[in-house]
1. For the stretch 65-182, rounded, prolate or oblate, judged on the Cα gyration tensor with a ≥ b ≥ c (square roots of eigenvalues), a/c < 1.5 rounded, else prolate if a/b > b/c?
2. Among residues other than Val171 whose Cβ falls under 15 Å from its Cβ, what is the net charge (Lys/Arg +1, Asp/Glu -1)?
3. Can you pull out the trypsin sites (Lys or Arg not before Pro) in the stretch 120-168 that DSSP calls coil and that have at most 16 other Cβ atoms within 10 Å?
4. Pick out, in residue order, every one of the chymotrypsin sites (Phe, Trp or Tyr not before Pro) in the stretch 92-185 that is DSSP loop and has at most 16 other C-beta atoms within 10 Å; say none if there are none.
5. Which FRET efficiency value, to the nearest 0.05, is calculated for Asp124 and Ile48 with the Förster distance at 30 angstrom and r the Cβ-Cβ distance?
6. By how many nm would the segment from Glu156 to His92 lengthen if fully extended, with 0.36 nm per residue of separation less the alpha-carbon distance?
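Readers should treat all values here as calculations from the given coordinates under stated rules, not as data from a laboratory. On a predicted model such as this, the values are computed, not experimentally measured, just so you know. Please note: Cβ atoms are built from the backbone with ideal geometry, for glycine as well, and neighbour counts cover all protein chains shown.
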Amino acid sequence: MKRRKVIGIIFIVAALLRLADIWGIWHFEWIGKEPWTTYFGVFLVLYIGVELVISSYRRHPDQWLQRVIPTAEEGKRICCSVRYGGDEYIYHGETFHGAQLDAFCGGIRLDLREAVINEDEEIDIHTFLGGVELLVPKNVNVVTKSRSFLGGVDDETDRNINSAAPCLHIVASNFLGGVSIKYRD
């Protein structure tokens with residue numbers, strides 16, 4: 001078992017013991033009685049513990065499962081959906097005709113750096129407790145529209161719009177999720 005996971009479990013158990021003391025299930029004299037620790041301390045310790053346990057899995061090098069790009073009829077956009085995991089789709093010279101990406105409690109990484117984009121295309125993204133990472137080529141313009149609730153879109157692409165270049169229109173609907181758009185060499 002990883003050290004991060006063990007420390008996280010210790011934090012979770014400590015938070016649960018404190019909650020048991022607050023609710024009168026068990027009484028522990030060694031747990032402090034300061035007023036600020038009543039619930040704030042419990043939730044802080046619980047958050048740290050859960051974050052340590054989750055991050056022990058998240059940092060694994062095989063986090064993303066590389067998938068074959070879903071086939072679509074010529075000229076049609078692809079549909080990718082992830083539930084409770086992470087998928088990576090990489091274009092190696094194929095023509096890109098748009099996509100619909102759905103991430104529910106998971107993540108999608110779409111690498112378009114080597115994709116052939118000849119005309120304006122749309123990427124429709126829906127996230128719920130998940131995220132999408134888009135790696136786009138430098139020879140396209142990116143225009144984003146976002147409808148987010150406790151989430152958002154992080155667009156790290158250049159704002160210098162080249163009128164001759166094709167445009168990727170990204171429409172993102174996020175609920176407790178996010179989208180990251182960036183150039184990478």
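1. Numbers: a/c = 1.85, a/b = 1.19, b/c = 1.55.
Oblate is the answer for the stretch 65-182, as a/c is 1.5 or above yet b/c matches or exceeds a/b.
2. Residues close to Val171 contribute a combined charge of -3.
3. Lys138, Arg159
4. Tyr183
5. The pair Asp124/Ile48 has a calculated efficiency of 0.25.
6. Answer, rounded to one decimal: 20.8 nm.
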